[in-house]
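The values are calculated or read from the model by the stated rules, or taken from the named source; none is laboratory data. Please read all numbers here as calculations on a predicted model, not as lab measurements. For neighbour counting, all protein chains shown are included, and Cβ atoms are generated from backbone atoms with ideal geometry for every residue, glycine included.
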Amino acid sequence: MANVIVIGAQWGDEGKGKITDLLSRSADVVVRYQGGVNAGHTVVVRDRTFKLHLIPSGILYPNTECIIGSGTVIDPQVLIEEIDRIEALGISSENLYISQTAHVTMPYHRLIDQASEEKRGKHKIGTTKRGIGPTYADKSERAGIRVIDLLDKEGLPDLMTRSVKAKNEVLEKLYGLEPLKAEDVIEQYFQYADRLRSHIVDSSLKIDDAVRSRKNILFEGAQGTLLDLDHGTYPYVTSSNPISGGACVGAGVGPTIIDRVIGVAKAYTTRVGEGPFPTELHDEIGTLLGDRGAEFGTTTGRRRRCGWFDAVIGRYAVRINGLDCLAITKLDVLDSLEEIKVCVAYDADGEKCNHLPNSTAQFAKCRPIYETLPGWKQSTEECRALEDLPKEALDYLKFLAELMEVPIAIVSLGASRDQTIIVEDPIHGPKRALLQPIANNS
Ligand code: GDP
Ligand code: IMO
Ligand code: MG
């Protein structure tokens, strides 16, 4: 039995979907613990591509139970579309469970997200406009609607009427938008409830059953460490806690059941939306990374900003998440480069800085200090063992592991399941051995 958390170690889109799917082979249960339909996790199996927003990436295994946990926010319309899409592809949703205590995204949340972004003008966050921030804001305000409320035929009309009335004031007076009709919203959400009813459970109890039966549980993070509400590059963050600590809160389990924490990081860096990004490239190399890496948002289709690997944020992710090891993805995207830069520290107003500053204004001023490594200029897509990798590619990985003082357990060289090198079993491998940098494993 081993319970593992898989988190994004950068600004999201690190390839968590691919790694979660890969590790789900030995998981009995996969739990999404935060975020909502802002997430877009891609799983490629042979010639088929699955883009998942709320459904955990373990869904492709017929015997794996997939739980959308309490800390997530649920847009029922998008979830139902997603269930229909996977069913149409021959994947059963029978093992999909939805927490009763997750909060529900309402039509006014989406409208407010869009309108407030417009109102922010040049100070916008660059959200996915899926209503995520406003749904979590209502949760904190204690004005939210939870999944369990959708099942309450008697109480729901009154709860929704009051909520729609309160939000109509915001829509009309603050943003000059048309008000919503409470009856329409109630009818629509009753229909969603009917459709989702059979999936709705007490998720904490269900996860506890799995723990007691000594099943293998994988907690799948959405977004990434630098988008964490408390520990990311605030205010350019999402409204939940993608970090490993968020898994216990969002799933409703105690930290003592967690055995391993695995971070997923790209071999370079990307970011969607606004906010500082010290290693961002505005030149032809940035374009090459974006093109070769197909760096377009899974949810919004926006072009992702691209740049060199940043070991300062990498070390930060190791610290904040207590990472045991890393999965490095998209190494193949660097295949054609003459040389590759890695940010090892920042220059902050002439001072060398090894840590991420807490002030966003200060972070925006940080300039990367690079070390340059030679490229390998050959394809790594067919490599299936460390020995198959060109020496320069291996040296690059060793350099990253040494900079971050964490071993690399998985290397990904393409979107498919098989385009992967398992350096060391990240779940069952001996923990002490895992704590050696890759240099000692090769
Ligand atoms: P997530 O949000 O962390 O699950 O990541 P996304 O799915 O949004 O973005 C990662 C993208 O990279 C997806 O299109 C994946 O299919 C793709 N991908 C994952 N691993 C690799 C890899 O090693 N190489 C390449 N070329 N693509 C990859
Ligand atoms: P996955 O799980 C990358 C970003 C948005 C924006 C900020 C806030 O696929 O890695 P929000 O809509 O959450 O209020 O937007 O967070 N963002 C993501 N960036 N990957 C994601 O998810 C993201 N989810 C949100 O672009 O900058
Ligand atoms: Mg994504």
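Structure notes:
- Which listed residue is within 16 Å of ligand 1 (Cβ to nearest atom), surrounded by fewer than 18 Cβ atoms within 10 Å (Cβ to Cβ) and β-branched (Val, Ile, Thr), from Val31, Val45: Val45
- Some residue of the range 285-300 being touching a Phe, Trp or Tyr at 6+ places or on another chain (Cβ under 9 Å), within 16 Å of ligand 2 (Cβ to nearest atom) and farther than 16 Å from Val333 by Cα: no
- Residue tally, condition of a type outside the set (Val, Ile, Thr), touching a residue at least 40 places away in the same chain (Cβ under 8 Å), buried (at least 23 other Cβ atoms within 10 Å of the Cβ) and within 16 Å of ligand 2 (Cβ to nearest atom), over the range 124-162: 4
- Restricting attention to the range 1-54, the residues that are in contact with a helix residue (DSSP H, G or I) (Cβ under 6 Å, 6 or more places away or on another chain) and part of a strand (DSSP E or B) add up to 11.
- Filter pass, Tyr97 being of a type in the set (Phe, Trp, Tyr), touching a strand residue (DSSP E or B) at 6+ places or on another chain (Cβ under 8 Å) and either at pLDDT below 95 or away from ligand 2 (no atom under 14 Å from the Cβ) (or both): yes
- Criterion violated by Leu397 - all others in (1) without any contact (Cβ under 8 Å) to a residue 60 or more places away in the chain; (2) not in a strand (DSSP E or B) satisfied: (1)
- In the range 267-297, the residue that is farthest from Gly12 (Cα to Cα) out of those that are crowded, with 17+ Cβ neighbours inside 10 Å and of a type in the set (Ser, Thr, Tyr) is Thr279.
- In the range 323-336, the residues that are within 8 Å of ligand 1 (Cβ to nearest atom) reach residues that are β-branched (Val, Ile, Thr) with C-beta atoms within less than 6 angstrom, at least six apart or across chains, in these pairs: Leu331/Thr380; Leu331/Val411; Asp332/Thr380.
- Residue list for the range 266-286, filter: of a type in the set (Ser, Thr, Tyr) and away from ligand 1 (no atom under 16 Å from the Cβ): Thr279
- For beta carbons closer than 7 Å, sequence separation of 6+ or different chains, a first residue in the range 9-28 that is among the small types (Gly, Ala, Ser) and a second that is within 6 Å of ligand 1 (Cβ to nearest atom), the qualifying pairs are Gly15/Thr329; Gly15/Lys330; Gly15/Ser412; Gly17/His41; Gly17/Thr42.
- Checking every residue in the range 76-92 against the condition of being crowded, with 23+ Cβ neighbours inside 10 Å, touching a residue at least 24 places away in the same chain (Cβ under 8 Å), within 22 Å of Lys215 (Cβ to Cβ) and not aromatic (Phe, Trp, Tyr) gives zero matches.
- Condition check for Ser57: among the small types (Gly, Ala, Ser), surrounded by 24 or more Cβ atoms within 10 Å (Cβ to Cβ) and within 13 Å of ligand 2 (Cβ to nearest atom): yes
- Some residue of the range 351-364 being in contact with a strand residue (DSSP E or B) (Cβ under 9 Å, 6 or more places away or on another chain), surrounded by 16 or more Cβ atoms within 10 Å (Cβ to Cβ), modelled with pLDDT of 95 or more and basic (Lys, Arg): no
- Contact map, the range 163-190: residues that are closer than 21 Å to Ile80 by Cα paired with residues that are modelled with pLDDT under 95, Cβ distance under 8 Å, separation 6+ or inter-chain. Pairs shown: Phe190/Lys153.
- Put simply, of Leu177, Leu227, Leu205 the only residue that is surrounded by 15 or more Cβ atoms within 10 Å (Cβ to Cβ) and either more than 30 Å from Val4 (Cβ to Cβ) or more than 23 Å from the chain's Cα centre (by Cα) (or both) is Leu177.
- Residue, farthest from Asp230 (Cα to Cα), within the range 289-320, restricted to residues that are of a type in the set (Gly, Ala, Ser) and more than 15 Å from ligand 1 (Cβ to nearest atom): Gly307
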